[in-house]
Each structure stands twice: as structure tokens, then as C-alpha cells.
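J.: I am attaching a structure below and will ask some questions about it afterwards.
Each value in this text was obtained by applying a stated rule to the coordinates, not by laboratory testing. In this text the structure is predicted, and so the values were computed from the model without any measurement. Virtual Cβ from ideal backbone geometry, glycine too; neighbours counted across all protein chains shown.
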Amino acid sequence: MKSIDISKFLKIKHKTLELEGKWRDTLGDISPTCQMLIYGKNGSGKTEFAMQLAKELSKHGRVEYVSYEQGWSKSLSNSGKRNFDESYRGKVKMNNPNSERDPNKSSVEELNEAMGKRKSARFWIIDSCDVCGMNRHDYEYLKKKYNNKMMIWLSYEAANEPKTSLAKHIAGDGDIKIRVQKFIATTASPHGKNRYEGGGYGQKDYIVYEERAKQLNKLYEDWAVPETVTRGKKQTKRPVKKKKQI
């Protein structure tokens with residue numbers, strides 16, 4: 001146990017990813033080693049959001065997308081084609097853990113081996129908590145051992161919250177909790193969380209797929225999406241109606 005004076009504490013500098021544009025607006029000045037949960041219903045756009053996030057993170061280091069749920073399926077391939085091209089060769093890897101799997105090793109053992117390889121990826125996306133075969137103790141083990149990496153976990157939702165006990169634990173322990181609903185991603189409470197919100201950043205919703213968002217959200221055209229509404233010390237989000245032009 002160690003204590004330092006508040007004057008020294010205030011001078012501590014923390015590394016952040018230099019996100020730009022809509023990503024900084026949504027996530028803020030995040031740590032390169034933060035823990036993140038992305039959750040939503042089936043067909044809500046969470047996988048598409050994760051692929052777009054992988055594309056953004058690849059500007060800052062190698063990304064590995066571990067697809068327990070879909071493997072190398074056609075739907076995931078289509079998402080890849082929408083977001084990547086040959087210029088991302090060597091920057092993003094798609095890992096199918098169900099291919100050539102060792103039946104004598106658990107999911108966490110295999111993931112541990114992959115993350116522990118020399119020059120392994122800086123950012124790891126695990127899809128998903130529901131089928132990966134891991135628990136909260138496995139998560140804590142990986143988080144502690146690879147505290148120099150970012151882990152991003154995907155999950156289904158139930159009753160407006162992450163579905164599994166693992167996902168619920170990550171939602172509480174992690175730094176960012178993102179709910180994707182009808183192709184709009186938000187960190188706003190009560191269903192989201194962002195410890196990096198501040199300075200005008202990390203407060204705005206993210207439109208995953210504009211065409212589908214317009215189709216599924218009836219108020220999309222009439223309301224400004226998204227804008228932040230400030231209520232006291234808390235930042236909450238709701239649509240803010242556009243002013244009519246005279």
C-alpha cells in the first residue's frame with residue numbers, strides 16, 4: 001500500500017488513444033488498455049459496430065477479432081467486406097477458434113496462448129460472452145495477465161441488460177459499456193457507461209448504419225440524432241427536436 005500527496009496525484013499522466021471525429025465524440029479519450037462491453041439484441045447492429053471499431057483501432061495497432069459465435073460465416077464475411085479492403089492486410093486478423101480446436105484445452109487456455117504470442121495484437125475483440133465458454137474468473141485472469149492490451153467483449157441482451165453472468169460482470173468491472181439498439185450505439189445511462197466521458201467528448205451516440213437506423217427509428221428524420229442533454233451533474237441522452245426553419 002502506498003500513498004502520495006494530492007499535488008503529485010494530479011500530475012500523473014495517462015496514455016490515451018488519439019481517436020478522432022465521431023469515435024472520440026462517442027468514446028472520449030480512452031485508455032489503450034481499457035475493458036469494453038458491447039451488447040444488444042440479435043440483429044441490432046452490434047457486430048457491425050464491432051467491425052467498424054476494429055477498423056478504427058487498427059490505426060493504433062494490430063487487431064484480432066475472435067469469432068466464437070460466427071466463425072468465418074458468410075454474414076461476418078459480408079460485414080468484413082463492408083468495412084475492410086486489402087489495405088488492412090497485416091492490421092486486422094479474423095480468428096475462428098472453432099477451427100482446428102484442441103479438444104484437450106479450454107477456451108481460456110487457447111485464448112491465453114494466442115494473446116501470449118510474441119507480437120500478438122494490441123486489441124482483442126471477443127465475440128461473444130454467450131458462447132465463448134469462459135467465466136468471470138477467466139476474464140479476471142486475462143485482464144490481469146494482459147494489462148497492456150485492450151479487450152472488447154460482445155454479448156446479447158436480456159431485459160435491456162447484458163444477458164450472461166460473464167457479460168454482467170464485465171459491464172460492472174469494465175470502463176465502457178455500450179448498448180447497440182436499432183443500429184444506434186450509446187454509452188448513455190441507465191443502460192450504458194463511459195468512464196472516459198468528459199471535456200465534451202464521450203457523450204454522443206454513434207450511428208452504426210444510417211440507412212437501417214432510419215428504417216427502424218421512426219423519429220430519426222424529425223429529431224436530431226444524437227445530441228447530449230445535460231441534467232445537473234449527469235449526462236443523459238435523448239433526441240432533441242430540431243427547430244423549424246422559417
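J.: Would you confirm whether any residue within the stretch 152-165 is touching a helix residue (DSSP H, G or I) at 6+ places or on another chain (Cβ under 8 Å) and basic (Lys, Arg)?
T.: No, every residue in the stretch 152-165 fails to be touching a helix residue (DSSP H, G or I) at 6+ places or on another chain (Cβ under 8 Å) and basic (Lys, Arg).
J.: Restricting the first residue to the stretch 97-114 and requiring it to be of a type in the set (D, E, K, R), which pairs with a second residue that is surrounded by 12 or more Cβ atoms within 10 Å (Cβ to Cβ) and not in a helix (DSSP H, G or I) meet a Cβ separation below 7 Å and a spacing of at least six or different chains?
T.: GLU110/PRO97
J.: Report yes if some residue within the stretch 15-26 is aromatic (Phe, Trp, Tyr) and closer than 25 Å to SER99 by Cα; otherwise report no.
T.: no
J.: List, please: which pairs have Cβ atoms under 8 Å, are six or more places apart or on different chains, and start with a residue in the stretch 43-72 that is of a type in the set (A, V, I, L, M, F, W, C) and end with one that is in a helix (DSSP H, G or I) and surrounded by 23 or more Cβ atoms within 10 Å (Cβ to Cβ)?
T.: Short answer, once both residue conditions are applied: VAL63/ALA54; VAL63/LEU57; VAL66/LEU111.
J.: Right, something else. Considering each residue of the stretch 135-176, count those that are of a type outside the set (Lys, Arg), within 20 Å of ARG62 (Cα to Cα) and free of Cβ contacts under 8 Å to residues at least 40 places away in the same chain, and give that number.
T.: Residues meeting the conditions: 2.
J.: Can you work out which of the residues in the stretch 157-179 that are assigned to a strand (DSSP E or B) and touching a Cys at 6+ places or on another chain (Cβ under 9 Å) is farthest from GLY40 (Cα to Cα)?
T.: Of everything passing the filter in the stretch 157-179, ILE176 is farthest from GLY40 (Cα to Cα).
J.: Which of the residues spanning the stretch 113-163 are in contact with a Phe, Trp or Tyr (Cβ under 8 Å, 6 or more places away or on another chain) and of a type in the set (S, T, N, Q)?
T.: Scanning the stretch 113-163 gives SER128, SER155.
J.: Filter the stretch 181-217 down to residues that are crowded, with 16+ Cβ neighbours inside 10 Å and not in a loop (DSSP other than H, G, I, E, B), then give me how many there are.
T.: The total comes to 12.
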